[in-house]
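Trainee: Okay, here's the structure, questions in a sec.
Nothing in this text is a laboratory measurement; each read-out follows from the coordinates by a stated rule. The structure presented is a predicted model; accordingly, all values stated were derived computationally and were not measured. All Cβ positions, even for glycine, are placed from backbone atoms using ideal geometry, and neighbour counts span all protein chains on display.
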């Protein structure tokens, strides 16, 4: 009888199984429903695998997780970003940090991470069963569980069970069947469709360091970062992060909200007004398309022209 069965052969499932085996559990098994374990790891980060983030203080790290700040304080005090870097380095995967803090394997290939996880799982005796999906769980009066699964003949008994099924609904259904209270998920990490028609002709323009303020009912959510203009609205890292934190509020408000975008990168309004007044004197001979204050120079040319047009100003 396996001492532990881990349902789910993704990154979480492999790390859980490896950690359990390293801690001394015998006969640890991973059950993966598909033919290819770690498939999402292989395609993550555009095939490069953004393994962790260069944020070394657990108290600071937890603030980056929507609705997870308090629950994650304990786990991150025991294993956080620095521990992840060390764990993979000890197993032959060195990481490098990019300008935005993301950390990738120096090989720039997710295959490096996949191979390391599979090698370590094999080294500590973890049994991997692909195309075996956990379908039903029955707690046993004597302790442990009876498991039924696709790709499995007779029910299998195990002492411990760990669900690492990610966003797949099967994991939530199994947890509910075992008596756990499950909070229904809502969409997260999505782009926003806007009424601002003037932005549609700017599809493809990316602007960095943009402060965003999303008003959803009585709540306000703020983020700052790169914004990508699309033919329907706005996307990009800052928008995805903003909607992650506002996900439940947006759901409750039927996805109606007011978005305020500061294209000046958060410039002080008084200083900007002073620069605009001075620009009327210093740049009087220049067209608005080519002359602007220092605080506005970072705005992309296409966006700048569109903003002038929206303000009914002649760029020529």
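Trainee: Rounded to whole Å, give me the distance from the Cα center of the stretch 115-145 to that of the stretch 40-97.
Mentor: Using only Cα atoms, the two centres lie 24 Å from each other.
Trainee: Here's something else I'd like to know. Compute the separation of the alpha-carbon centres of the stretch 264-306 and the stretch 189-259 and state it in Å as a whole number.
Mentor: 24 Å
Trainee: Still on this structure, I have one more. Can you pull the three principal axis extents for the Cα set of the stretch 1-76, in Å, largest first?
Mentor: Here the spans come out as 41, 31, 21 Å, largest first.
Trainee: Return the calculated 222 nm mean residue ellipticity for the chain, to the nearest 500 deg cm²/dmol, obtained by summing -39500 (n - 2.57) across DSSP H runs with n ≥ 4 and dividing by the residue count.
Mentor: Computed ellipticity for the chain at 222 nm equals -10000 deg cm²/dmol.
Trainee: In Å, what is the Rg of the alpha-carbon atoms in the stretch 127-226, and how long is Dmax?
Mentor: My reading of the Cα-based Rg and Dmax gives 22.8, 67 Å.
Trainee: Same structure again: Give the share of C-alpha pairs in each 10 angstrom bin for the stretch 192-261, from 0 to the last occupied bin, in whole percents, shortest bins first.
Mentor: Using 10 Å bins, I get a P(r) of 21, 55, 22, 1 for the stretch 192-261.
Trainee: Report the dimensions of the stretch 47-123 along its three principal axes from the alpha-carbon atoms, largest first, rounded to Å.
Mentor: That works out to 33, 31, 19 Å along the principal axes.
Trainee: Given an 8 Å cut-off on Cα distances and at least 6 residues of separation, report the relative contact order of the stretch 53-107 as a percent.
Mentor: 36 percent
Trainee: Using alpha carbons only, how many degrees (0 to 90, rounded to 10) separate the axis of helix 11-22 from the longest principal axis of the chain?
Mentor: 40 degrees
Trainee: Here's something else I'd like to know. For the chain, just the Cα set please: Rg and Dmax, both in angstrom.
Mentor: 25.3, 88
Trainee: Report for the chain the percent antiparallel among DSSP-assigned beta bridges with both residues inside it, nearest 5.
Mentor: Around 70 percent of the beta bridges assigned by DSSP in the chain are antiparallel ones.
Trainee: Using the alpha-carbon atoms, what tilt in degrees (0 to 90, nearest 10) does helix 269-282 show relative to the longest principal axis of the chain?
Mentor: 40 degrees
Trainee: Next question, about the same structure. To test your reading of the geometry: what angle, between 0 and 90 degrees and rounded to tens, separates the Cα axis of helix 81-90 from the longest principal axis of the chain?
Mentor: The helix 81-90 is inclined about 60 degrees to the chain.
Trainee: If R0 is 22 Å, what FRET efficiency do you get for residue 258 and residue 307 from their C-beta distance, rounded to 0.05?
Mentor: Once rounded, the FRET efficiency stands at 0.70.
Trainee: While we're here: Normalised by the number of residues in the chain, what is the relative contact order in percent for Cα pairs under 8 Å and 6+ residues apart?
Mentor: In percent, rounded to a whole number, it is 15.
Trainee: Counting just the Cα atoms, what span does the stretch 212-316 cover along each of its three principal axes? Round to the nearest Å and put the largest first.
Mentor: Largest to smallest, the principal-axis extents are 52, 30, 22 Å.
Trainee: Over the stretch 192-261, what is the mean sequence separation of C-alpha contacts under 8 Å (at least six apart), divided by residue count, expressed as relative contact order in percent?
Mentor: For the stretch 192-261, the relative contact order is 36 percent.
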